[in-house]
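Worksheet: the structure to be examined is printed underneath.
The values are calculated or read from the model by the stated rules, or taken from the named source; none is laboratory data. The structure displayed is predicted, hence computed values, not measured ones. To get the accessible areas, we keep the full protein, side chains included, count just its heavy atoms, and leave off ligands, DNA and RNA. Shrake-Rupley method; radii C 1.70, N 1.55, O 1.52, S 1.80 Å.
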Amino acid sequence: MRIHGDKVIKRRSGLEQRSDYHEYLPELREDFKCMCGYCGKTERVTKNAFEIDHFVPKKYARFRENDYSNLVYSCYVCNRKKSSKWPSEDAEIQFIEERGFIDPATDEYDEHIERKPDGMICGKTKTGKYMAEEAFQFHLRPMKEVWQLMQLIEKKEKLREKMKVLMPDEIQDYIEMDELLEVLQGILFQSKE
């Protein structure tokens, strides 16, 4: 399954060059569907603000610091995990021996990395495994709980719309789901995810 589920992340083109990349935040947030480009976590399941990551780190590509096509809407944890990691000191060398990064706003991202039905994120290729296991360390993070929480929030929103016509047994289902939702949010908060 895709990291971003049914959402397709695409950066818009034709934006005027801005002098400060922070000014792109509204467009970036919209283009990335309010979710982390790297792990697919939505804003609704985190206590930390989202940030702007430079796909090719500023350290190696100062000339791309304010280039919209180099920006990734990222959760706090993914931004810290990626940091200024890059396989070389050359902005143009994206891979060395299959170690490197795939831009999450491209179709190619889905060829290298995937989400399992239980919510875990893993690599499908050597490059994908490098990103999932070494760079972002998804296996050490509560990605299953993040996925489960995102699914529960969607269900909760749908149920909220039906609250006016619910039968008593459906109300009990809602209460059980809401309790699990709170447990998962607590786990993520304690994990600082």
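Table for the structure above
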{"read-out": "Tyr38 long-range amide H proximity, modeled H, under 5 Å", "value": "Cys75"}
{"read-out": "Rounded to whole Hz, the Karplus (6.51, -1.76, 1.60) HN-Hα couplings of the range 67-82, x for glycine and proline", "value": "8, 4, 5, 9, 9, 10, 6, 10, 6, 4, 5, 4, 4, 6, 5, 6"}
{"read-out": "The chain: most fluctuating residue of Val72, Val183, Val56 per GNM, C-alpha cutoff 10 Å", "value": "Val183"}
{"read-out": "MRE, 222 nm, helices only [DSSP H, n ≥ 4, -39500 (n - 2.57), over the chain, to nearest 500]", "value": "-10000 deg cm²/dmol"}
{"read-out": "Accessible surface of the range 37-135, 1.4 Å probe, proportion on carbon and sulfur as whole %", "value": "45 percent"}
{"read-out": "Folded to 0 to 90 degrees: helix 168-190 orientation relative to the chain principal axis, Cα", "value": "40 degrees"}
{"read-out": "The range 38-109: radius of gyration over Cα atoms, expressed as a fraction of 2.2 N^0.38 Å", "value": "1.12"}
{"read-out": "Mean separation of Cα contacts under 8 Å, 6 or more apart, over the residue count of the range 1-126: relative contact order %", "value": "27 percent"}
{"read-out": "Rg/Rg_ref, the chain, where Rg_ref = 2.2 N^0.38 Å and atoms are Cα", "value": "1.12"}
{"read-out": "When the convex hull of its Cα atoms is projected in every direction, mean area for the range 103-155 (nm²)", "value": "3.9 nm²"}
{"read-out": "Cross-link pairs beyond the 29 Å C-alpha cut-off, checked among Lys47/Lys129; Lys41/Lys126; Lys33/Lys85; Lys82/Lys155", "value": "Lys82/Lys155"}
{"read-out": "Probe 1.4 Å, protein heavy atoms only - accessible area per residue of the range 86-191 in square angstrom", "value": "60 Å²"}
{"read-out": "Contact order normalised by residue count of the range 106-193, Cα under 8 Å, 6+ apart, percent", "value": "22 percent"}
{"read-out": "Folded to 0 to 90 degrees: helix 143-162 orientation relative to the chain principal axis, Cα", "value": "50 degrees"}
